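A.B. asks: Dropping the structure in here first, questions after.
The values are calculated or read from the model by the stated rules, or taken from the named source; none is laboratory data. Just so it is clear, the structure is predicted and the values come from calculations on it, not from any experiment. All Cβ positions, even for glycine, are placed from backbone atoms using ideal geometry, and neighbour counts span all protein chains on display.
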Amino acid sequence: MRRRGSGWQGAVLALIGLVLAAAPAAGETRFGPGYPDRPLQGPQAAKGAVIWNHGTTTYFAAKDSSLGAIPVFVTLLRDAGWDVYRLDRPPQGEAIDASRDALLAAIADLKGRGYRRIVLAGQSAGAWISLIVAGRTADVHAVIVNAPAYYGVDRPRYTMNATALYDHLDAIKSGRVMVSYFAEDPFDPGGRGVRTDEILARRGVAHLVIDQPDGFLGHDSGNSGLFYRRFGPCVLAMAGEGPVPRRADCETTWGRQPSGELALPASGLATAAASPAVAPFLGAWWGTYTSGREVFLGVTRTEGDHVEAIYAVGPLPAAAAQTETFRRTGRIVGDSLEFVEAGRATLRYRLRPDRSLDASWIAADGGSHLETVLRHPP
């Protein structure tokens, strides 16, 4: 499944995790608990401490990335017994040396409190800073980062997202490193996965590179529930002290077939339609969203070009939401089956040449738009 806006224009408009070299703007760096509503276990009881480092946005008066939620994959570490902290940096640009020093100070603070292991986690600019710091101190147990970038999309300067990155990787001498890169990331000059593996192997650093995984598109793919589902075991293994896994040994197959979390109705679906336009949409349809939720569609009743259907979505990762089932009323519009009802999300389905369905979900307020492909479950 892909979310709209993962290309050049979408990246600029979405302003995800980007830093341009600029004079530091007004604002302060803050360091504190990542989940203020949950008590910390403390250095003696916790497995260690995780420091989350967000991306940074600088265009159009700078949306403050420090206000964003910590990605769901970090909850795996929290729920596995780690204390999670976050370093919130100024929103409107930053001085990279100042951010580096702030992260080094946070590590020293946590080590001084008695935490045995420190894990750095981050995305985009936060990933970049985490990798720099991993080369400056031996107090980092592991680095788990997605889509490191710091130099924007302007050509040719954006190539420094590769060339400068390799220098930072080459400075790392200890610890464990997990780096993920994604297709259609406009901040990625390409080829970084192979070079990352070569550099860390040459330095003798234990590492795992997730390079261009199938089904992940765009700069912020690592923040998704799908990343939690597919690479959660890799994250836990890299934060631990056991052998570094191969990707094939820790990547799950979630999303390739029904998981069982979402019950698929075995009966009650329409088996015939009077309208030839409705007939191709009959049967059970299943797929996944990048939020990490499974989705089901099944037509239960037809009358001409109008249908009634069951639409269901499975639970979100980390129990953030439970299974939800809805009764929807829709109709054929052109070559699509559409469900457009006031105050409700819009659903659109269009038959593909391979007889699967292109599926779109548009929030009732129009603020979110998800796409996926549905197929008949095995």
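A.B. asks: Got a number for residues in the stretch 139-153 being modelled with pLDDT of 95 or more, surrounded by fewer than 24 Cβ atoms within 10 Å (Cβ to Cβ) and farther than 14 Å from Met238 by Cα?
C.D. replies: Counting residues in the stretch 139-153 that are modelled with pLDDT of 95 or more, surrounded by fewer than 24 Cβ atoms within 10 Å (Cβ to Cβ) and farther than 14 Å from Met238 by Cα gives 1.
A.B. asks: If you check Gly114 against the conditions, is it surrounded by fewer than 16 Cβ atoms within 10 Å (Cβ to Cβ), closer than 17 Å to Ile51 by Cβ, touching a residue at least 40 places away in the same chain (Cβ under 8 Å) and among the small types (Gly, Ala, Ser)? Break it down into steps so the answer makes sense when it comes.
C.D. replies: Working: surrounded by fewer than 16 Cβ atoms within 10 Å (Cβ to Cβ): yes; closer than 17 Å to Ile51 by Cβ: yes; touching a residue at least 40 places away in the same chain (Cβ under 8 Å): yes; among the small types (Gly, Ala, Ser): yes.
Yes, satisfied.
A.B. asks: When Ala98 is evaluated against the numbered criteria (1) under 25 Å from Arg192 (Cα atoms); (2) at pLDDT below 95; (3) surrounded by fewer than 17 Cβ atoms within 10 Å (Cβ to Cβ), which criterion, by number, is the only one it fails?
C.D. replies: If we test Ala98 against (1) under 25 Å from Arg192 (Cα atoms); (2) at pLDDT below 95; (3) surrounded by fewer than 17 Cβ atoms within 10 Å (Cβ to Cβ), just (1) comes out false.
A.B. asks: Would you point out the residue of the stretch 154-167, among those that are part of a loop (DSSP other than H, G, I, E, B) and not acidic (Asp, Glu), that is modelled with the highest pLDDT? Don't jump to the end; show me each part of the working.
C.D. replies: First pass over the stretch 154-167, keeping only residues part of a loop (DSSP other than H, G, I, E, B): 154-156.
From the residues that got through so far, the ones that are not acidic (Asp, Glu) too are 155-156.
On the way: Arg155: 84, Pro156: 87.
My answer is Pro156.
A.B. asks: Next up: If you check Pro378 against the conditions, is it part of a loop (DSSP other than H, G, I, E, B) and under 28 Å from the mean Cα position of the chain (by Cα)? So that I can check it myself, show each step before the final result.
C.D. replies: On the way: part of a loop (DSSP other than H, G, I, E, B): yes; under 28 Å from the mean Cα position of the chain (by Cα): yes.
Here the answer is yes, as Pro378 does meet what is asked.
A.B. asks: For Arg256, all conditions in the list (1) farther than 30 Å from Pro378 by Cα; (2) not assigned by TED's automatic domain parsing to the domain that holds Ala147 hold save one; what is the number of the exception?
C.D. replies: The one condition Arg256 does not meet is (1).
A.B. asks: Here is a further query. In this structure, is Asp88 in contact with a strand residue (DSSP E or B) (Cβ under 7 Å, 6 or more places away or on another chain), of a type in the set (Asp, Glu) and in the same structural domain as Ala134 (by TED's automatic domain parsing)?
C.D. replies: Values: in contact with a strand residue (DSSP E or B) (Cβ under 7 Å, 6 or more places away or on another chain): yes; of a type in the set (Asp, Glu): yes; in the same structural domain as Ala134 (by TED's automatic domain parsing): yes.
Yes: the conditions hold for Asp88.
A.B. asks: Among the residues of the stretch 249-258, is any touching a Phe, Trp or Tyr at 6+ places or on another chain (Cβ under 8 Å), in contact (Cβ under 8 Å) with a residue 60 or more places away in the chain and in a loop (DSSP other than H, G, I, E, B)?
C.D. replies: Yes.
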